[in-house]
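Since every read-out is calculated from the coordinates, none of them should be taken as a lab result. Everything numeric here is computed off the predicted structure, so don't read it as measured data. Glycine also receives a Cβ, built like all others from the backbone with ideal geometry; neighbour counts cover every protein chain displayed.
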Amino acid sequence: MNQSKTVGTCPMCQRETGLTFHHLIPKKLHRRNRFKKQFTREELNQGIYICRTCHSGIHNLYDEMTLGSQYSSLESLLADSAVQRHVAWVAKQKVR
């Protein structure tokens, strides 16, 4: 999967801006036995393109283990109330 920066609509805040690749299961966890046993290599490398502000917010809210264990899909991220508050704030910000 091409993980370079691209421009498009962020699936979280819906702003048209530069997007970065967010691993749904953080790369730091890929070598842990629990994740190697539970997921295929393809599943471990799945991700979404989101804007830098949403991306940074997700990582500021939760550590890698929490992200990999509880928030390993776009749907689970968007269902979280803390993420929803952050995304609502981001959606009101000007695109740089």
Magnitude of the Cβ-charge dipole of the chain, K/R +1 and D/E -1, about the Cα centre, nearest 20 debye?
-> 340
So the number of lysine pairs in the chain with alpha-carbon atoms under 16 angstrom apart, 8 or more residues apart or on different chains, is 4
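At a Förster distance of 35 Å, what's the computed FRET efficiency of residue 60 paired with residue 40, Cβ-Cβ distance as r, to 0.05?
With R0 = 35 Å, the Cβ-Cβ based efficiency is 0.75.
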Quote the relative contact order of the chain in percent (integer), defining contacts as alpha-carbon pairs under 8 Å separated by 6+ residues.
-> 32
Across 70, 38, 84, the residue with the highest GNM fluctuation in the chain (Cα network, 10 Å cutoff) is 38
Read-out Cα extents along the principal axes in Å, derived from the coordinates shown; its label in (i) 42, 29, 18; (ii) 70, 37, 19; (iii) 38, 30, 23 | (i)
Compute the long axis of helix 81-91 from its Cα atoms, compare it with the longest principal axis of the Cα atoms of the chain, and write down the angle in degrees, 0 to 90, nearest 10.
-> 40
Please work out how much length the chain gains when fully extended from residue 21 to residue 79, using 0.36 nm per residue of separation minus the C-alpha to C-alpha distance, in nm with one decimal.
-> 18.9 nm
Chymotrypsin sites (Phe, Trp or Tyr not before Pro), restricted to segment 4-96: which are DSSP loop and have at most 12 other Cβ atoms within 10 Å?
-> none
So what's the angle, to the nearest 10 degrees on a 0 to 90 scale, between helix 52-61 and the longest Cα principal axis of the chain?
-> 60
